[in-house]
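To keep things clear, I will list the structure first and then write my remarks on it.
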Amino acid sequence: MKEATKKTRYSDAELEEFKAVIEQKITIAKEELNTLAASLNVSNTNGTDDTGVKHQAMEDGAATLEREFTNQLAVRQRRFIDQLEMALVRIGNKTYGVCRETGNLIRKERLMAVPHTTLSMTAKLKQY
């Protein structure tokens, strides 16, 4: 009886399927990043010129906090886009979907949920 050969990489057709998912996620992520960047570039049109000093300081502090939070979201979104683009590179060199720790294929369901992952669930759980 012939022994089943272990699959070592995803087929070109499967890689194309993953590529389409990743490209769609990149498009959405870039739109969200542009929205965040635009909100960072908008000056505060609701000035505090007509309010007391105490209220002005509180509003300025809240605006600063909101700006910092938005900036953190933009940085995270940029990092996410970079990770998705690196996944496209792995698709191009046909190493996409191979766990960098175990060398085994990452389950298709995991890749669809987290397309930029480089770890199988087994390897991910060992990190904790």
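The values are calculated or read from the model by the stated rules, or taken from the named source; none is laboratory data. On a predicted model such as this, the values are computed, not experimentally measured, just so you know. No Cβ is skipped: glycine too gets one built from the backbone with ideal geometry, and neighbour counts run over all protein chains shown. For accessibility, only protein heavy atoms count, side chains too; no ligands or nucleic acids. Shrake-Rupley method; radii C 1.70, N 1.55, O 1.52, S 1.80 Å.
At a 1.4 Å probe radius, carbon and sulfur cover how many percent of the accessible area of the stretch 68-108?
51
Extending each Cα 7 Å along its Cβ direction at ASP82 and GLU109, get the distance between those two points in nm, one decimal.
About 3.2 nm separates the two model spin labels.
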